[in-house]
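A short write-up of the structure that comes next.
The values are calculated or read from the model by the stated rules, or taken from the named source; none is laboratory data. Computed from a predicted model, the values in this text were never measured in an experiment. Neighbour counts are summed over all protein chains in view; Cβ atoms, including those assigned to glycine, are modelled from backbone coordinates with ideal geometry. We work out accessible area using only protein heavy atoms, side chains counted, and drop any ligands, DNA or RNA first. Shrake-Rupley method; radii C 1.70, N 1.55, O 1.52, S 1.80 Å.
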Amino acid sequence: MPLHQEEVVEWISYAYGKNHYEADPELRDLLRHFWPGAGDREAELLAWGAYMGREVYEAAYHIDQDAGPELVMHDLDGNRVDRVRLSPVQREVLKRLRPIVRPPYEGGSWHHHFALGYLLADGGLYCILTITHQVAYPIHKYAPGLASWKDRVLYGEAFGATWMTEIQGGSDLGANRTVARREGEVWRLYGGDKYFASGAGLADVALVTARPEGAPPGPKGLALFLLPRLDREGRLNYRVRRLKRKSGTRAVPSGEVELEGSEAYLVGRAEEGIYYTLETLTVSRLANAIAAMGIAAKALLETRERVRRRQSFGRFLADHPLVRYDLLDLAVRQAGGLALALAAVEAFDRAWHERPPYGEAYHLARFLSHLAKNRTAEHSAEITRLAMELFGGLGFLEEYAVARWHRESLITPIWEGPSNIQALDLLEAMQKKGAHRPFLAWLEARLKGRGEEAEGALAAARKTLDRLAALEPEAAQFSAKTALRRLADVAAVAGLLEASATAGPRYRELAGLYARRFLLGEDYPPEALGARALYLPEGGA
């Protein structure tokens, strides 16, 4: 019998051919708690999980290894076109993936979008979809006059992008040099050097930040603009200097874009541009958190199958006490990170319709987004690293699937602001918006009176917030990253304990272990050695 191609793929991945929803007990249990509507979408989630485990898993591997986007700068007549060429496989996959951007704009839930994004998880493919629906977001809320572009990115063939970062500033948006000048019916952007522009050459329209002439310096002087790829005459509206070579997320073309006289359309009010920009960043930070744990889930799926199959020293790997310790650490991190991410999504889903100057519900959502974005990235990097280690030498070989997930995870601490930026933004949210007050109330509602570990976690949060508030500005910044991590860990414990009411006692046990390991700094107890269901649950591989 001739070999089929799918059989070859099966040889390089344990996760290939599995239903990635059905095989992810943490997602199923926690999603049903944080999104009560998940039960009504069970058939869709099962079908999506099957698609992720076969066609998309194979396509993502192929794109990463063999068929990444390439920039075509000129057509046959010598005209600049600056368009990327995608493989036919990627074009077809993107067509089928596009609907995941729509639910929030059709009266549905952000949980719906993020659940599908988690199951996809591939950093490059999911990035394309995230930056596409980010274009729809501010138009939906603040620019109804540009609604035709919203419809195109949600339902048409247009891809979107968000280009904020400039070469001289990086995460310091206030250092942006792009100038916006009103010229007749449109604005024109000058002096722009968008240095890390994901979607370059693919996007038909992008959100960009620029400073209108006469606007004050710093981030508050920035306005948000819609930048089409072609101007009103059908000419190329900006230039893509080059694409970048990256360690991962190779499915999304990232490049450098030059703006010089580029036509653009103002989104909403110029003086509120920084608020719109930060809102779109909140959306992408949640996507980053969900993708981080989705990437970790792929590595965990590979690992749980590996330890059941591989033997060493006369025993299956899963029967060795040290391997069980590692599996427990993976399970605790995965459950805690996912509970934290879904709690942040839940808060955002309740508050995303709020407008500047916002209320406490939105400040809570933003606060949780900083915690989730940072801590999930740390957990994802460690989970995927340990997964490689448990595979041994095979884990370091690019020909097998598990190595890629660690590469993919390493962008999640950087995208949408690294840990230092998240810590500074958290401080700003506390000092200027008082966002720690609704956060503390959120914790109290989930932890107060719920047992010793819950009360201990609540006390840790109060102590951290009080200490941070008492420090001088420079000292507060110096301590902010430690506080960011500690508050995130308290929120993860709160999410797990809250979910245990519907997801079952396993999550109360995981909450206790998470608190012990990450809040108290103690080791996992030896009696956890025999609690196999904690780290190798049924359906886990």
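List of remarks:
- Ranked by solvent-accessible area (1.4 Å probe, protein heavy atoms only, all chains present), the residues Phe391, Phe225, Phe478 order from largest to smallest as Phe478, Phe391, Phe225.
- Summarising the amide proton neighbourhood of Val205: residues at separation of 5 or more, or on other chains, whose placed amide H is nearer than 5 Å comprise Phe159, Ala161, Arg229.
- Loop trypsin sites (Lys or Arg not before Pro), segment 383-453, which have at most 11 other Cβ atoms in a 10 Å radius of their Cβ (DSSP): Lys448
- Given +1 at the Cβ of Lys and Arg, -1 at the Cβ of Asp and Glu and no other charges, the dipole of segment 403-475 around its Cα centre is 200 debye to the nearest 20.
- Sparsely packed loop sites in segment 79-144 (the trypsin sites (Lys or Arg not before Pro) outside DSSP H, G, I, E and B with at most 15 other Cβ atoms within 10 Å) do not occur.
- Rounded if a/c under 1.5, otherwise prolate or oblate - segment 297-413, Cα gyration tensor axes: prolate
- Cα gyration tensor, the chain - rounded (a/c under 1.5), prolate or oblate: oblate
- Share of carbon and sulfur in the accessible area of the chain stands at 52%, probe radius 1.4 Å.
- Coil-residue trypsin sites (Lys or Arg not before Pro) of segment 151-236, DSSP, other Cβ within 10 Å capped at 16: Arg177, Arg232, Arg235
- Cβ-based charge dipole, the chain, positive-most Cα from Leu458, Val252, Ser284: Leu458
- Charged side chains reduced to their Cβ positions (Lys and Arg at +1, Asp and Glu at -1) give the chain a dipole of some 540 debye around its Cα centre.
- The chain - share of DSSP beta bridges that are antiparallel (%, nearest 5): 85
- Qualifying lysines (Cα of each under 21 Å from Cα of Lys150; at least 8 residues distant if same chain): Lys95, Lys141
- Each Lys and Arg contributes +1 and each Asp and Glu -1, all at the Cβ; summed about the Cα centre of segment 315-421, the dipole is approximately 120 debye.
- Accessible area in square angstrom per residue, the chain, 1.4 angstrom probe: 40
- Its relative contact order, with pairs defined as Cα atoms under 8 Å and 6+ residues apart, puts the chain at 15 percent.
- Dividing the mean sequence gap of close Cα pairs (under 8 Å, 6+ apart) by how many residues segment 330-482 holds gives a relative contact order of 21 percent.
- The mean sequence separation of alpha-carbon pairs under 8 Å and at least six residues apart, normalised by the residue count of segment 312-385, gives a relative contact order of 36 percent.
- Compared with the dominant Cα axis of the chain, that is its longest principal axis, helix 505-514 is turned about 80°.
- Scanning the chain for GluC sites (Glu not before Pro) that sit in a DSSP loop and have at most 13 other Cβ atoms within 10 Å, the longest stretch containing none of them is 1-156.
- Cα-based shape type of segment 68-170, given that a ≥ b ≥ c are square roots of the gyration tensor eigenvalues and the cut on a/c is 1.5: prolate
- Segment Ser479-Leu76, extension gain: residue separation times 0.36 nm, minus the distance between their alpha carbons: 139.4 nm
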